Each structure stands twice: as structure tokens, then as C-alpha cells.
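Let me begin by presenting the structure, written as C-alpha cells, before commenting on it.
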Amino acid sequence: MGLLLGRGGAFAWLCDDALSLSAGLRAALPVSADGRRWLAATREGLYLSADAGCGFERVSGALTGHFVGPLVGHPARPGEVLAGTESLSRPNDVFRTTDGGATWLGAGLALGGRVRSLIRAPEPARVYLSHGAGAARSDDGGQTFTPVSIGPEALGPRADEFRFLAVDPLDPDRVYAALEQFPDGHLLRSEDGGLSWTRLLTVPNDVPESVAIDASGATVWLSAPFSGLWRSNDQGDTWDQRPVPGTLGCLAVHPQDGALWACLRGQPLPWIVARSDDGGETWQPALARYADVTGLGCAPDTPTARICDAQCDPADRTCSTAAGRADAGSSPADAGLDVGPPAERAPRDGAEGCAQRPGGPRGPAPWGLALGLAAIWRRRRHPRAPRDIP
């Protein structure tokens, strides 16, 4: 996997091997106002960085030994974070910290299946959770949860097919979700906080992957791996499909200027990370190609720089020089985070210098927003499994 840090219009590389060789990065999130303190969720638990990813230490406590999945921040309190677990050998839960990850307290859910999605409304007390046995809602910021439904009964929904996607910025009761049924996927909307659902759109031979909503709540964008970009101007009642130049995903709306950000996957591509100021009609590249990644985002004597530098091609060690040029002393409060799988790393290329380049971008936005996870974690398309599998 790869982690990209976007700052000042450029992207730097922070390899996930700096966590550990087998950690398996799932998510990364700034948890301090200056952007220097980060949490990283992995298969081996949580890691904490106090210097914007240039060094990591494993977090001990309640999450030790857990496979940690989604991390969800608080819009006004950076040190308040929710973490969902995806462990196979022990009950799962939603954990909460109010001190930037130093201590954690579970909600006591004892879930038999993994946490599939965890999202917070702009009204931060409202949190939505889906897991291997159902779905739930919290009205107290993730401290307690009550069950909600998983879609229209007419569709025969199963818990392992259901994922929350986004919450309306003005109405915490209006929430969007995906129902991933073979061979088609459905986009759902609830107007009552998940108690009942309406099917808005069926995506043939595809699944809804990410949803972004503008500040008014009226314009909604949907990405799907194969069918591309969809847009609605009436809260999802009607949809138009928009042309895109590749497999588009990880949608997000800039909280200040309202621009739509996205990334593309696959090769070859006209760009990797871009923004749109006209609702997805046209795109302005922010990262055109992996060769434009400037090098390491840490000073040469930091643990991350030493470990990442070891991944470089010995015949062309431009990572070292790039690391020396990196502005490691500046505060990355506007960092964008990228999580990508090993399969999407660029091949060994002497012109680029490093043998292992980061995977498909997930964090183009220069305001510290993680845009999403890589497609390797998207469940493979397959016939519906037996109902007792979480």
C-alpha cells in the first residue's frame, strides 16, 4: 500500500512500511489541530504518529490485537475519533477516544461480524454503523447504538450486503446507503434515520462505491467502479450519468469552496487525482501521474524516511535526494491522505527512482480529507453467499 501526503499543490510519499512490514494500512486520520498527530488503522491494531507520519508507535490498550478498520473524526474536535474493528477471532465493537488516541472506550456492542461501514453526520452526535449482523444508529456520538433496518424488505436485504455511504449535511436523518446484491447494486435513501428505506437507483452489473453531497444537500454524486459517475440535483430522486475517463471513485466535496474531488484507477489514465468546479462536467488534475510525486515527505534522519528509502531501486536512489528536499518542518494541516493496495503500486521504473510507488490515490484534497479506501478492499463480485456468513 502507499500513503500520499498532499501539501501546497504537490504530493509526497510516506510508505506504509514505516508502520511495520505486515501492518496492512486501512485508514489514516489527523487527530490534532496542527495536523501533526495522526492515527493509522491496520490489521495489527492502531499506530500513532506525533510528527505527521515521519515516525509511528503502536497504540496499546483496548484495541491491541484488533484488526482496525474505519476511523471517523469529529468535525470540531480533532482529538475525538471513532474506530470500528474487523477482527475474525474476537467480538468487534466501535471504540471512542477523546484524547487523540491515547485511551479508548468501547460501546459494548460485542458484534459477531466485522464493522462494514461507520460514518458520522455533520451533526456530530449522529453516527451510523453497519456490521455483519445488521445496522445501528447512535445519537450520542458513538457511545451507544440502537438497531435500524438494512433496506426495503422487498429487496430481501442481507446485512453482509449493506453499507452506509453518506449523510445529508443539513439533515442527519437523511442518509444514503448501498445494497450490494449480485449482479446489481442499489442506492438507498432513508429520511427517518435508517428506520425505513427507499431505493433510488439500481446500478446494473455494478455496486455503488462512494457518495458526495453538496452543502445544500440537493446535489448528490455517486461513483460506481464500472459505470462511472452519476449526479442528481434533487436529493437522489432522479439521476444522470456523467462521462468520466476511467474508473472513478473516492468522491468528496471540499468543505470550504464546494469543489468535487475524485480519483481514477487503472492504466493508462489522463490523471490520477483531480477536482471539478462545475459538478463533475470537467476536471482539473491535481496529480497527473505517479512520477509527479516529489519524494518522501519526511527529513532523511526520520524512521519513515529510512524505511521508505530502503524500498528504492539501488540503481537510482532519487528517493534520498527527494527526502532531503522535502519541507519536513512545515505543518501538514492541509494534508491529503492516500491509501492504496500493493497490487496498484507502479512497477519498478528507474526513471521514477523507487521500486515501489504508492497505489491508487485516495486523498487528493489539500484540506486534510481522506477520500476513501482502495478498490482492493471492495468486495469481489460473486453470487450471494449463504446467509449465516457475516
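The values are calculated or read from the model by the stated rules, or taken from the named source; none is laboratory data. Just so we're clear, the structure is a prediction, and the values are computed from it rather than from any experiment. Cβ placement follows ideal geometry from the backbone for every residue including glycine, while neighbour counts extend to all protein chains displayed.
Summed over the stretch 218-233, residues that are part of a loop (DSSP other than H, G, I, E, B) and within 16 Å of D184 (Cα to Cα) total 3.
Can we say V244 is in contact with a Ser or Thr (Cβ under 9 Å, 6 or more places away or on another chain), of a type in the set (V, I, T) and surrounded by fewer than 20 Cβ atoms within 10 Å (Cβ to Cβ)? Taking the combined requirement at face value, the residue satisfies it. Determine if the stretch 106-119 includes at least one residue that is farther than 17 Å from G134 by Cα and either surrounded by fewer than 20 Cβ atoms within 10 Å (Cβ to Cβ) or out of contact with any Gly (no Cβ under 9 Å at 6 or more places or on another chain) (or both). The answer is yes; a qualifying residue exists. Only one of the listed residues (D99, D93) is within 24 Å of W38 (Cβ to Cβ), in contact with a Leu (Cβ under 8 Å, 6 or more places away or on another chain) and free of Cβ contacts under 8 Å to residues at least 24 places away in the same chain. That residue is D93. If the condition is being among the aliphatic types (A, V, I, L, M) and part of a strand (DSSP E or B), then the stretch 57-80 contributes V68, L71, V72.
Please tell me if L5 is touching a residue at least 40 places away in the same chain (Cβ under 8 Å), surrounded by fewer than 24 Cβ atoms within 10 Å (Cβ to Cβ) and under 17 Å from I307 (Cβ atoms).
Criteria not met by L5.
The test for being charged (D, E, K, R), more than 29 Å from G185 (Cβ to Cβ) and in a strand (DSSP E or B) holds for R96. When the stretch 197-229 is filtered for residues that are β-branched (V, I, T) and out of contact with any Gly (no Cβ under 7 Å at 6 or more places or on another chain), the ones remaining, listed by number, are T198, T202, V211, I213. Residues of the stretch 47-82 that are closer than 14 Å to A18 by Cα, crowded, with 20+ Cβ neighbours inside 10 Å and in contact (Cβ under 8 Å) with a residue 60 or more places away in the chain: A52, G53, C54, F56. Evaluated against (1) surrounded by fewer than 19 Cβ atoms within 10 Å (Cβ to Cβ); (2) over 22 Å from the mean Cα position of the chain (by Cα); (3) of a type outside the set (S, T, N, Q), G193 falls short on exactly one condition, (1). I'd like to know if the stretch 219-240 contains one or more residues that are small (G, A, S), surrounded by fewer than 17 Cβ atoms within 10 Å (Cβ to Cβ) and over 20 Å from the mean Cα position of the chain (by Cα). Within the stretch 219-240 (the criterion being small (G, A, S), surrounded by fewer than 17 Cβ atoms within 10 Å (Cβ to Cβ) and over 20 Å from the mean Cα position of the chain (by Cα)), the answer is no, since none of the residues qualifies.
Between S130, S117, S138, which is closer than 28 Å to A215 by Cβ, touching a helix residue (DSSP H, G or I) at 6+ places or on another chain (Cβ under 8 Å) and at pLDDT 95 or above? None of the others qualify; the one that does is S130. For the stretch 144-163, a residue qualifies if it is within 23 Å of R77 (Cα to Cα) and either within 22 Å of the chain's Cα centre (by Cα) or buried (at least 20 other Cβ atoms within 10 Å of the Cβ) (or both), and exactly one does: F145. When each of A121, A154, A178 is tested for being touching a Lys or Arg at 6+ places or on another chain (Cβ under 6 Å) and under 30 Å from N233 (Cβ atoms), the lone residue that passes is A178. Summed over the stretch 1-34, residues that are of a type outside the set (A, V, I, L, M, F, W, C) and modelled with pLDDT of 90 or more total 4.
If the condition is being on the phi > 0 side of the Ramachandran plot and either out of contact with any Asp or Glu (no Cβ under 9 Å at 6 or more places or on another chain) or not in a loop (DSSP other than H, G, I, E, B) (or both), then the stretch 270-309 contributes G280, G295.
Restricting the stretch 178-213 to residues that are among the acidic types (D, E) and without any contact (Cβ under 8 Å) to a residue 60 or more places away in the chain, which is nearest to R137 (Cα to Cα)? Result: D192. Looking at Q256, Q267, just one residue is assigned to a loop (DSSP other than H, G, I, E, B), at negative phi and in contact (Cβ under 8 Å) with a residue 24 or more places away in the chain, and that residue is Q256.
Pairing residues of the stretch 278-291 that are in contact (Cβ under 8 Å) with a residue 12 or more places away in the chain with residues that are surrounded by 14 or more Cβ atoms within 10 Å (Cβ to Cβ) and among the acidic types (D, E), at Cβ distances under 6 Å and at least 6 apart in sequence or on separate chains, gives A291/E352.
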